[in-house]
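The values are calculated or read from the model by the stated rules, or taken from the named source; none is laboratory data. Because the structure is predicted, anything quoted here is derived from the model rather than measured. Ideal geometry is used to build each Cβ from the backbone, glycine not excepted, and the neighbour counts take in all protein chains shown. Keep in mind that these areas ignore ligands, DNA and RNA; they rest on the heavy atoms of the full protein, side chains included. Shrake-Rupley method; radii C 1.70, N 1.55, O 1.52, S 1.80 Å.
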Amino acid sequence: MSLDGQTALVTGASRGIGRAIAVRLARDGAAVCVNYVAREAEAEAVAGEIRGAGGRAIAARADIGDPAQARALADRAAGDLGPISILVNNAGVVFRATLETYDPAGMERMRRTNVDGLLHVTCAVASGMKERGYGRIVNLASIAAHGTTLPATTLYAATKAAVIALTRRFAMELGPHGITVNAVAPGFILTDMVRDGRTQEEYENLLRTMADRAMAGRVGKPEDIAQAVAFLCAPESGFITAQTLTVDGGRMDYISHA
Ligand code: NAP
């Protein structure tokens, strides 16, 4: 499966899962726009690593929660690297909260990136894909949206449930134009997102618990998610659309009636 001659825009690609996706799509042949919002050095390092391996890449700052910046990002990626045929809506944030600690401002900040940001970038890229009659869009959801038992992720889950709903609706709208839209729902993946806001002891306990709850007996790596995204981005995956591919090592702690 080759992506030679294609251009991919990956939001939030300076670290974590987005970084692994950018490197993987570049390895498969795509020119890659590495988006970031704050960590310029990390994003430049990702783009530099891709170029060092013989690929084409740029780093581009944009807060995707701002529609004007999202459009400028899409224009810059297309202008520097060529028409965008692959969009990976990866950028996301988490604010952990329960009903007791619920803070409307935190929820709003989360929704602004996880839901509005995805919408802004998709709108900015979809019209060009429609004109050319081809595209692959992959959205990063989460198994939180399916209902896991990890505490304090309820509001985050609501934003990711929205991602799954938008995935299916966009797939219906864009399908007649040769564009597939799918989601990947990661389980527990080792990135800053799961480490931040926890003590070392809490983090280590959580790692053990999450590994025990997965049939694979381990937690995930960003490359595990990049593998699924690359599969959905392949030209050969054109008959797969409106799907959510769960990549969680077989997690066994979903809320159920059992
Ligand atoms: P991460 O390590 O925290 O990285 C987040 C990335 O998003 C960074 O590149 C960050 O840029 C970027 N970003 C945040 N807000 C942005 C904005 N407004 N505009 C543009 N970029 C923005 O996260 P991750 O764990 O790799 O997660 C990637 C995606 O997978 C997210 O959608 C997340 O919800 C989802 N996910 C993760 C897990 C997990 O276990 N890690 C599980 C399920 C789903 P800067 O570096 O510049 O700040």
Worksheet item: For the peptides 162-175, 194-207, what is the packing order when you average, over each peptide's residues, the other Cβ atoms within 10 Å and list the highest mean first?
Response: 162-175, 194-207
Worksheet item: To the nearest 0.05, what FRET efficiency results for ARG27 and CYS123 with a Förster distance of 41 Å applied to their C-beta separation?
Response: 0.90
Discussion item. In Å and on Cα atoms, what radius of gyration and Dmax does segment 80-213 show?
Written reply: 16.8, 52
Discussion item. Can you list the DSSP H helices in the chain whose Cα atoms extend at least 20 Å along the helix axis and whose mean Kyte-Doolittle hydropathy is 1.6 or higher?
Written reply: none
Worksheet, complete the sentence: In nm, the gap between the two label points placed 7 Å beyond Cα toward Cβ at ASP212 and ASP4 is 5.0
Discussion item. Rounded to whole Å, give me the distance from the Cα center of segment 200-255 to that of segment 1-72.
Written reply: 21
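Need one number: % antiparallel among DSSP beta bridges in the chain, to the nearest 5.
Antiparallel: roughly 5 percent of the beta bridges in the chain.
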Worksheet item: Once the dipole of the chain is set up with Lys and Arg at +1 and Asp and Glu at -1 on Cβ about the Cα centre, which of LEU206, GLY54, SER14 lies farthest towards its positive end?
Response: GLY54
Item to complete: Express the carbon and sulfur contribution to the solvent-accessible surface of the chain as a percent, rounded to the nearest whole number, probe 1.4 angstrom.
Response: 54
Discussion item. Could you work out [θ]222 nm for the chain from helices alone, using -39500 (n - 2.57) per DSSP H run of at least four and dividing by all its residues? Round to the nearest 500 deg cm²/dmol.
Written reply: -14000 deg cm²/dmol
Worksheet, complete the sentence: Result for the chain: accessible area per residue, probe 1.4 angstrom, in square angstrom, of 46
Worksheet entry | Approximate shape of the chain as ellipsoid semi-axes (Cα gyration tensor, √5λ), whole Å, largest first | 28, 19, 19
Item to complete: List the relative contact order of segment 1-65 as a percent without decimals, with contacts defined as Cα pairs under 8 Å and 6+ residues apart.
Response: 32
Worksheet entry | Whole-percent pair-distance distribution, where bins are 10 Å wide, for the alpha carbons of segment 56-143 | 16, 44, 26, 11, 3
